[in-house]
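Taking it in order: structure first as structure tokens, then the write-up.
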Number of protein chains: 4
Amino acid sequence: MKKHPEIHKILTTPICPFRVDPNQNIDQILKNMEHISFQGRNLARALDIWKQMLKGKVTIFLGLSGALIPAGFREIMVYLIKNRYIDCLVSTGANLFHDLHECLGYYHFKGDPLANDVELKDKGIDRIYDTFASEAEFRKTDDWVSDIFLFTLNQNKAYNTREFFYLMGKELSKVSKKDGILTSAYKAKVPIYCPAVADSSIGISIATYNRKFKKRFLFDVIADVNETAEIVLNSKATGVIYLGGGVPKNFIQQAQVTASFILEDAELGHKYAIQITTDAPYWGGLSGCTFKEALSWGKIHKKSMRVMIYSDATIAFPFLVTALAKGAKSLTKKRKPPQFKLDKERLGFKS
Amino acid sequence: MKKHPEIHKILTTPICPFRVDPNQNIDQILKNMEHISFQGRNLARALDIWKQMLKGKVTIFLGLSGALIPAGFREIMVYLIKNRYIDCLVSTGANLFHDLHECLGYYHFKGDPLANDVELKDKGIDRIYDTFASEAEFRKTDDWVSDIFLFTLNQNKAYNTREFFYLMGKELSKVSKKDGILTSAYKAKVPIYCPAVADSSIGISIATYNRKFKKRFLFDVIADVNETAEIVLNSKATGVIYLGGGVPKNFIQQAQVTASFILEDAELGHKYAIQITTDAPYWGGLSGCTFKEALSWGKIHKKSMRVMIYSDATIAFPFLVTALAKGAKSLTKKRKPPQFKLDKERLGFKS
Amino acid sequence: MKKHPEIHKILTTPICPFRVDPNQNIDQILKNMEHISFQGRNLARALDIWKQMLKGKVTIFLGLSGALIPAGFREIMVYLIKNRYIDCLVSTGANLFHDLHECLGYYHFKGDPLANDVELKDKGIDRIYDTFASEAEFRKTDDWVSDIFLFTLNQNKAYNTREFFYLMGKELSKVSKKDGILTSAYKAKVPIYCPAVADSSIGISIATYNRKFKKRFLFDVIADVNETAEIVLNSKATGVIYLGGGVPKNFIQQAQVTASFILEDAELGHKYAIQITTDAPYWGGLSGCTFKEALSWGKIHKKSMRVMIYSDATIAFPFLVTALAKGAKSLTKKRKPPQFKLDKERLGFKS
Amino acid sequence: MKKHPEIHKILTTPICPFRVDPNQNIDQILKNMEHISFQGRNLARALDIWKQMLKGKVTIFLGLSGALIPAGFREIMVYLIKNRYIDCLVSTGANLFHDLHECLGYYHFKGDPLANDVELKDKGIDRIYDTFASEAEFRKTDDWVSDIFLFTLNQNKAYNTREFFYLMGKELSKVSKKDGILTSAYKAKVPIYCPAVADSSIGISIATYNRKFKKRFLFDVIADVNETAEIVLNSKATGVIYLGGGVPKNFIQQAQVTASFILEDAELGHKYAIQITTDAPYWGGLSGCTFKEALSWGKIHKKSMRVMIYSDATIAFPFLVTALAKGAKSLTKKRKPPQFKLDKERLGFKS
């Protein structure tokens, strides 16, 4: 069998088997993984793409779904926010609730995924796979929201979720001895959006407040839509990092769509994109869809750098962020906050 | 090797291999699958659990996530709503948008998942895995929301999502020649909740409306939380059917938590539970968590009937619903709408 | 936004939402699923591809992996073999062992996947997810192989696995009151290959026989390789159906590679291909790789009809085969056995 | 809500959020991951279990499936074999073929998973997801097996796969300038078993040899079964590490079953068990089944340490092995080869 004359144009870069060297630091390990295959290679590419984002004047959105804060990701998020490896966070309500919970002095606990759940219920323990928490302590966190925090707010205003969590971070900073997402984002002026805020313990606590105190606290969830589009329009370029999919991914993706409506079909799209997911494209859902699919919608730019890593984030992300901290720390200096203030003339909101 | 004397207490029910009989109807096929193993058995159990729900005075919630309406599930949902196989729907905004789109006379199309997405973008085609749609037609549906429908609403009221989609179903009924989720739910008085409404094309359209017409349309998403808890409290028992996970699953699950806050820790929990999912429990997220885990939280009742089916809903659900229609049609008569009106004394809302 | 003038060339075939009709038979249900999306559509395409295989003079290989026989698939396999919906079976040893077990009069049982496995062990119960069996009964099946069946064989011959299981089917036919894979394949002259036969309870039983009776029973596993290539070369066209992946998939795929070695790089490749799998392509393994990838190897022909269905076979296959039985029964007449006799001149084996 | 008095007996160990410290070495990173949740915690537990295996007098089996050698794992395997982090390897034939290929001086290459596979075929390039190789070069490796290596063997002997690959390692050592699995296992006296050897390019090459040179090379695959059981019986304890599942996992698991037959139902079972897998338990197959399920069969000992890590090995394994090299190097000294010589009196083989 003869070799095709053009084969060398395609077979240009040999796989370089991963060499075990106990003295490699994590940055080097990941760089070496770029020359192997499958998801290891993709994880290594994510490190490179994130570094490219930091080098450019890129507004970096991070979408946070899954139960990652009870799983031990609070400090990672704090690190990313404080050191401005990210510029804007879109989260599920649950992750923000669990962050609040830890900052109020409570804990999540290691547990057995095969535990007897009826017994756990009887003892007031809530289970998140292999992680436990005290329901009684959760109620105290609920109470902090419904009986303390909400009374600090202007009762006649409909807040968008960015304003709401900014103020929560501010209040929490007064009492928390730990750094959390909310407090560090407050301090670093990193905006947090939570599009499905009602669908979480925070939503339940606000419902309790409305019911118990005969209030009607309202969110302006539509303002979030315009505001995130505004951030896109005020950015030279945008990049995205998704831990899981869900509402945070969709919401950050749709910010480009909304922005393109405002600019009348300008060619937009995120220019850098990383997703760590356990979902798959062939079920057709947004959580698992590829960035290639997103090109058709204009959510991702056709000239983007992009990678999907099929992995549990609790494996991939601690390595990725430590490698980033090792190899890209210098890139994070002098980053300004994203311009999320609404351009009122342009967007025409009532104040 | 001797048999243990108690083995017969455990090995009671032989697997009965599935016999191929071309004259079996779909109801019989599913019944026979109850005696095989793995997910086939689970799908058969789902049929049985759903029948049990219909026999009892059970309020049945359905959580709809994933891209199932563009995938061809509109008529299935209409059937379930019209014939009251379900009593309350919680959906992503996207599915309701795609339902609206089809009811306004547009279509989704069969496509190739390997298509060139940059070319699709250039031709104005949006891709959802193997399904295509025209971006220009989507914009017309957007315009119907922002330029027509929203003007039919009371401008000074913050609607909850149930009210909003009820009114959308009402308006749509005037112009649509097809039955959709929105129109059939309007007619059958089946409430629809959409907790993450801002995170969808409907959210984008409302954002356009606010921006373009200098309005400030507000949702009362917290009212949804109290209202769904109220439905739980007004029901003798509740059952759940989840297609996928995401916000719809979490929101229906949390209705039990909110209800237990109102009733001061009464023993609540959904009594019947079915989920068809492609997620897995060991990633720790809510979408993939087992109903067994939900026992610890009290979201599912310890004496519940429950089953998880690990499958794409586009395979499992058409079979399941057709079997249900064949074998359980008589069970759907005389079901009343769920009591979703707020008990204002109790819940203390301002009107 | 204007429509691109060529959009109608691409958006040609609307999704036709699945209508619930309790009077549809299973064949009609599947046909209607062809017009929806995602895996439902793929399952419907599988029905069509299988029918095309039956219409053509195609030798149909079925690769059987996973624990499908203990899961209740024995009768389905019997139906496919008897009625010649398939022409050649490649199986794991385990599935053939469990088939033998049922044909010797034993059963598998329904069980709880959450059972206490240490207690099961103490009671002599082996668990396969939600399926139980008696270890003592398994030992009786082991004994039938090691103490009875192996003594019926020519002690001085190295059998290939096709010969071995043909003779096992013959012996088993004398004692079994049930139809099984082995007996029906024996009767229908459908060859069975089991490339990893040592890796199963059958392998263990033969190891026992060799040890206990001081024998040295040898398999000629290489003959299987040449013989399956020969089947390919003697066929006008070949088609494949994979339930799961594993060795059966790889072995049937490689039959094309071996055949191309014999014919000196003729353009070969299976012309029809169906896989039902729960694996995914992005892990890089053969079990989950796409048929598109197989084009590069020449295992699948570039002009093939092919579909992957991401589903548990215990859901997808009973529906698919019943629909086939309903709609394609007439296509199975007059099919001859595959030509698996070795062309000794050509292949040059010693007898 | 009051706390249950016993809650502190269960909530004993708080989750300790992962702190980003760029100066942590990989061993420390993994140790810190033990205090988070989900698969990150499991990966950390795997490190601990492997260290425990090394500390005890444990014979460590590694099962290697998936396309890990073309993916860049050759050097990792060499490291594990040379330094005796493992004592016995069970592999697919494909991985051994790709090891041989690299040792003969050829390469695998980085490629695009979205490449046009018909074009690749035309240019003689075989694709393994994102990894390419030259078909013409593969043929040269095939030729080395069929035209060179096989002629070095005793033509009248039926080898078991351990003997075969030992001799291949020996021959390859004479020509290879690289270390590979085969050569390093030969040198370190680490036995390699390949139960499905016919199902691979090595099987194809032997089939070519038999056909082309009118030979009848025979494997004694049953001897592998008895020999691995013998290794178990000659070990104080055994441990297992599975990369993927498939035949290697099943074969190592069944070694305990065969051993228990020989010892008449002694309480056996592997005492340490690690699996890195992308499969799931609820499909019922052996590849994805839990070690808990394996307790019922006696394959895993009831007092074992065990962990499943749901991850692509190309992510998890480079980190795990580097951490092991960092923190457990001293534990690998003075380990003897496993006793795999057959006790001929006891097992009764003919020579």
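Summary table
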item: Table column - 3J(HN,Hα) (Hz), the range D:248-264, Karplus curve with 6.51, -1.76, 1.60, x for Gly and Pro; result: x, 5, 4, 5, 5, 4, 6, 4, 5, 5, 4, 4, 5, 5, 5, 8, 6
item: Formal net charge of residues neighbouring residue B:102 (Cβ-Cβ distance under 9 Å; K, R +1; D, E -1); result: +1
item: Highest to lowest packing among B:120-128, A:191-199, scored as the average C-beta count within 10 Å; result: A:191-199, B:120-128
item: Axis-nearest residue in chain C [Cβ, rotation onto D], distance in whole Å; result: C:196, 2
item: Karplus-derived HN-Hα couplings along the range C:132-139 (A = 6.51, B = -1.76, C = 1.60, θ = phi - 60°), whole Hz, x at Gly and Pro; result: 10, 8, 8, 4, 4, 6, 4, 5
item: Shortest-first nm distances, residue C:175 label point to equivalent points in other copies (7 Å, Cα→Cβ); result: 4.9, 7.5, 7.5
item: Per-copy distances of the residue D:51 label point, shortest first, in nm (7 angstrom along Cα→Cβ); result: 3.0, 5.6, 6.2
item: Environment charge of residue B:244, counting only residues whose C-beta is closer than 11 Å and scoring Lys/Arg +1, Asp/Glu -1; result: -2
item: Built amide H within the under 5 Å cut-off of residue B:125, gap 5+; result: B:135
item: Links that overshoot a 27 Å alpha carbon limit, given the list C:177/C:212; C:3/C:303; C:51/C:303; A:299/B:110; B:178/C:2; result: C:177/C:212; C:3/C:303
item: Net charge dipole size for the range D:27-326 [Lys, Arg +1 and Asp, Glu -1 on Cβ; Debye, nearest 20]; result: 880
item: Overall form of the range D:27-326 per C-alpha gyration tensor (a/c, 1.5; a/b vs b/c); result: oblate
item: Inter-copy spacing of residue D:16 label points, which lie 7 Å from Cα along Cα→Cβ, given in nm from shortest upward; result: 3.5, 5.6, 6.3
item: Gyration tensor (Cα) of the protein assembly as shown, equivalent ellipsoid semi-axes in angstrom; result: 51, 34, 31
item: Cβ-based net charge around residue D:203, under 13 Å, with every Lys or Arg adding one and every Asp or Glu removing one; result: -4
item: Ranked list, fewest to most other Cβ atoms within 10 Å of each Cβ, for B:319, A:138; result: A:138, B:319
item: Per-residue average of Cβ from other chains inside 10 Å of A:238-251; result: 3
item: Distant-in-sequence amide H partners of residue D:60 (H built 1.01 Å from N, under 5 Å); result: D:87, D:88, D:239
item: Backbone HN-Hα couplings from phi across the range C:111-123 [Karplus 6.51/-1.76/1.60, Hz, Gly and Pro as x]; result: x, 9, x, 9, 4, 6, 6, 5, 4, 4, 4, 4, 9
item: Under-5 Å amide H pairs with residue A:242, H placed in peptide plane, nonlocal only; result: A:63, A:274, A:275, A:276
item: Rounded if a/c under 1.5, otherwise prolate or oblate - the range D:216-257, Cα gyration tensor axes; result: oblate
item: Per-residue [θ]222 nm for the protein assembly as shown (sum of -39500 (n - 2.57) over DSSP H runs n ≥ 4, rounded to 500); result: -13500 deg cm²/dmol
item: The range A:62-151 shape via C-alpha gyration tensor axes, a/c threshold 1.5; result: oblate
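Each value in this text was obtained by applying a stated rule to the coordinates, not by laboratory testing. Remember, predicted model here, so these are calculated numbers, not experimental data. We place every Cβ from the backbone using ideal geometry, glycine too, and count neighbours over all the protein chains shown.
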